[in-house]
Amino acid sequence: MTVKSNGFEVVFGRPAKVLAEAPGRVNLIGEHTDYNGGYVLPTAIPQKTRVEIAPREDRLIQVATANVDGGALLSFRAGEEARRGLWLDYVQGITAVLRGRGASIPGFDARIESTVPLGSGLSSSASLLVALARALRSMLGLSIDDVEIARIAHAAEHDFVGAPVGTMDQMAASLADESTALFIDTRTLAFERIPLPAEAELLVVDSGVAHQHASGDYKTRRAECKQAAAALGVPELRDVDATRASIEPRIASLPAPLDRRARHVVTENARVLAAVAALRAGDLARLGELFDASHRSMRDDFEVSVPAVDELVESARAQPDVFGARLTGGGFGGAIVALVKRGRAASVGRAVVEAYARTPGRRATVLVGGPVP
């Protein structure tokens with residue numbers, strides 16, 4: 001989608017004062033570990049959310065978006081935020097959190113346009129939240145760093161919107177770039193940028209099956225993880241050491257499905273650490289094996305994949321130039337990510353999309369399929 005430079009002026013009849021952007025993200029590995037205090041490994045994608053903004057002299061906040069509701073203009077008053085169950089809640093969430101942290105929020109006009117696909121597991125919501133927080137930081141001269149931007153965005157989505165997400169998406173939208181993987185300890189928010197391998201490129205394919213973080217299934221998985229941690233006597237599943245020989249029998253003794261949920265999180269944390277080691281060593285075969293193992297765990301133990309996504313993963317894995325492939329994002333639809341031999345992502349993407357389309361009613365879209373910069 002082309003972002004029109006005059007979009008704000010068309011809507012509001014005056015130029016914008018501030019422009020801010022934030023990328024979507026694809027998670028290479030480390031799914032459903034972030035709200036368990038664990039490790040994640042996302043990277044930024046080329047698609048971004050753009051926010052244009054200008055202050056007003058009253059308390060009215062007006063927001064337009066080109067992506068939903070036909071560009072409808074919605075509004076609320078600063079200090080009177082109330083959840084409505086609409087996309088506007090993400091805007092209200094940011095202003096409410098900033099006010100709660102002592103910022104004086106005036107009225108403003110804002111226009112949002114995004115190329116991050118909605119419901120694809122690529123963090124369109126975090127991209128919006130971070131872009132808006134950046135715009136307000138600039139407009140108001142707020143002294144907050146990029147980690148704090150991520151914290152504010154997470155509080156807006158988790159506490160105001162009511163989506164039980166972890167911190168990975170907001171950290172990635174605020175800190176990730178396209179040339180490195182962002183290794184994050186979600187408990188401490190410590191992070192490290194690790195260069196992506198020059199010998200490979202990423203392929204991201206959207207299944208066309210949309211998901212929602214605020215859906216009941218996602219909330220159920222989070223509750224199950226909390227129950228499993230309590231049963232194992234630890235604060236979070238992050239605290240279970242996968243290398244201890246005694247842990248597998250303890251996990252296996254949990255009632256179903258808590259045993260499977262715990263096993264996924266514990267082994268997924270271990271896979272993230274192994275993936276970081278593989279990246280540092282340039283071991284693409286090992287990294288691909290970890291992708292494949294992660295998908296099996298998400299499919300069988302965490303049960304967040306769906307047949308359409310499984311079909312895409314298997315189709316990608318069948319290609320000789322693919323090291324590994326997996327569901328990325330929260331699941332119940334969304335996209336897959338594959339690690340592909342450099343120079344082959346475009347051809348692999350075409351083959352995967354064509355094979356997927358042979359099933360009536362299915363249409364996949366290649367979202368990322370060129371060389372990693």
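Summary of computed values
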read-out	value
Test set (1) at pLDDT 95 or above; (2) touching a Ser or Thr at 6+ places or on another chain (Cβ under 8 Å); (3) not in a strand (DSSP E or B) - G333 fails condition number	(1)
Subset of segment 168-190 [in a loop (DSSP other than H, G, I, E, B) and crowded, with 18+ Cβ neighbours inside 10 Å]	A176, T186
Spans of helices (runs of 4 or more DSSP H) in segment 222-301 with at least 2 residues among the hydroxyl-bearing types (S, T, Y) and closer than 23 Å to V204 by Cα	284-300
Residue that is farthest from A181 (Cα to Cα), among those in segment 274-295 that are of a type outside the set (D, E, K, R) and surrounded by fewer than 17 Cβ atoms within 10 Å (Cβ to Cβ)	A285
Exclusive hit being farther than 21 Å from R261 by Cβ, at pLDDT below 95 and either in a helix (DSSP H, G or I) or not assigned by TED's automatic domain parsing to the domain that holds S127 (or both), set R362, R350	R362
Only listed residue being at pLDDT below 95 and surrounded by fewer than 22 Cβ atoms within 10 Å (Cβ to Cβ), chosen from R222, R193	R222
Residue ID - modelled with the lowest pLDDT, chosen from residues in segment 53-83 that are assigned to a helix (DSSP H, G or I) and of a type in the set (G, A, S)	G70
In segment 84-126, residue surrounded by the most Cβ atoms within 10 Å (Cβ to Cβ) [restricted to those that are hydrophobic (A, V, I, L, M, F, W, C) and part of a helix (DSSP H, G or I)]	A126
Members of segment 51-83 that are surrounded by 21 or more Cβ atoms within 10 Å (Cβ to Cβ), in contact with a Leu (Cβ under 8 Å, 6 or more places away or on another chain) and among the charged types (D, E, K, R)	E52
Breaking point among (1) outside any strand (DSSP E or B); (2) closer than 30 Å to L196 by Cβ; (3) in contact with a helix residue (DSSP H, G or I) (Cβ under 8 Å, 6 or more places away or on another chain), for R50	(1)
Members of segment 352-373 that are more than 23 Å from the chain's Cα centre (by Cα), of a type in the set (G, A, S) and within 28 Å of H264 (Cβ to Cβ)	A355
Top-ranked residue of segment 296-351 - restricted to ones that are farther than 24 Å from N269 by Cα and among the hydroxyl-bearing types (S, T, Y), ranked as surrounded by the fewest Cβ atoms within 10 Å (Cβ to Cβ)	S347
Check on R350, of a type in the set (D, E, K, R) and under 30 Å from Q170 (Cβ atoms)	no
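The values are calculated or read from the model by the stated rules, or taken from the named source; none is laboratory data. Note that the structure is a prediction, hence the values are computed from the model and not measured. Note that we place each Cβ from the backbone using ideal geometry, even for glycine, and neighbour counts take in every protein chain shown.
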